[in-house]
1. Among the residues in the stretch 17-26, are any in contact with a helix residue (DSSP H, G or I) (Cβ under 8 Å, 6 or more places away or on another chain), closer than 26 Å to residue 148 by Cα, buried (at least 17 other Cβ atoms within 10 Å of the Cβ) and not assigned by TED's automatic domain parsing to the domain that holds residue 220?
2. What is the one condition in (1) free of Cβ contacts under 8 Å to residues at least 60 places away in the same chain; (2) in contact with a helix residue (DSSP H, G or I) (Cβ under 7 Å, 6 or more places away or on another chain); (3) in a helix (DSSP H, G or I) that residue 79 does not satisfy?
3. Conditions first: (1) within 20 Å of the chain's Cα centre (by Cα); (2) surrounded by 15 or more Cβ atoms within 10 Å (Cβ to Cβ); (3) modelled with pLDDT of 90 or more. Residue 195 passes all but one, so which condition is the exception?
4. Looking at (1) at pLDDT below 95; (2) touching a strand residue (DSSP E or B) at 6+ places or on another chain (Cβ under 7 Å); (3) surrounded by 15 or more Cβ atoms within 10 Å (Cβ to Cβ), find the lone condition where residue 79 falls short.
5. Of all residues in the stretch 121-138, which are buried (at least 19 other Cβ atoms within 10 Å of the Cβ) and in contact (Cβ under 8 Å) with a residue 60 or more places away in the chain?
6. If you go through the stretch 106-156, how many residues are under 15 Å from residue 72 (Cα atoms) and outside any helix (DSSP H, G or I)?
7. Would you confirm, using the coordinates I've provided, whether residue 88 is in the same structural domain as residue 144 (by TED's automatic domain parsing) and farther than 15 Å from residue 135 by Cα?
């Protein structure tokens, strides 16, 4: 951690480890809920496993491309920005949109360290917002799952309705695709949830409290 500073080779190794584990569980689909891995390894791994992969960026870019704007800004990790995944995928559907990509290497560490209320967080957001606002984007994409936790600072510079959290589009896209392919469970009761982690389950449970109440967490050896 953070994935955004890893090499492509490292990310492929981590993803393969996770996917092989999922295969042992007989899953029917895997949600790649990480912008960085969607940007860097999806094309390399999409045809190697017996389950459907839902990559975040590729799944939401068509929806984002339908925005009635001239310029869209993207905040993301260094790896995602260097891949130009958002720009390439948005422009594939709408070449008229100018996509401005800004790397925010400090933001994941700030959130993971539970420093979202710190002066460091406020100052870092200010610097990046000043950088991107020079291009006058009408909307900004928060291209990392950690970034919405900094939205209270981001929204001081751009109205909340113009800040795109791709997770909202992503969840809706997956649900509709499941329905189209008749993959939705017919069980109307709440399903079960198990979280598997590669290290430090106690720390994972503690960190997860900022967004979810994790009840069961299992350490796996990789």
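The values are calculated or read from the model by the stated rules, or taken from the named source; none is laboratory data. None of the values given here were measured: they were computed from a predicted structure. All Cβ positions, even for glycine, are placed from backbone atoms using ideal geometry, and neighbour counts span all protein chains on display.
1. Looking for residues that are in contact with a helix residue (DSSP H, G or I) (Cβ under 8 Å, 6 or more places away or on another chain), closer than 26 Å to residue 148 by Cα, buried (at least 17 other Cβ atoms within 10 Å of the Cβ) and not assigned by TED's automatic domain parsing to the domain that holds residue 220, one finds none in the stretch 17-26, hence no.
2. Failing condition for residue 79: (1).
3. (2)
4. Result: residue 79 fails condition (2) only.
5. 137
6. Residues meeting the conditions: 10.
7. Against the criterion (in the same structural domain as residue 144 (by TED's automatic domain parsing) and farther than 15 Å from residue 135 by Cα), residue 88 qualifies.
So that you can scan it fast, the table gives a plain yes or no per residue for (1) within 30 Å of residue 179 (Cβ to Cβ); (2) over 13 Å from the mean Cα position of the chain (by Cα):
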{"position": "32", "(1), (2)": "yes, no"}
{"position": "41", "(1), (2)": "yes, yes"}
{"position": "54", "(1), (2)": "yes, no"}
{"position": "75", "(1), (2)": "no, no"}
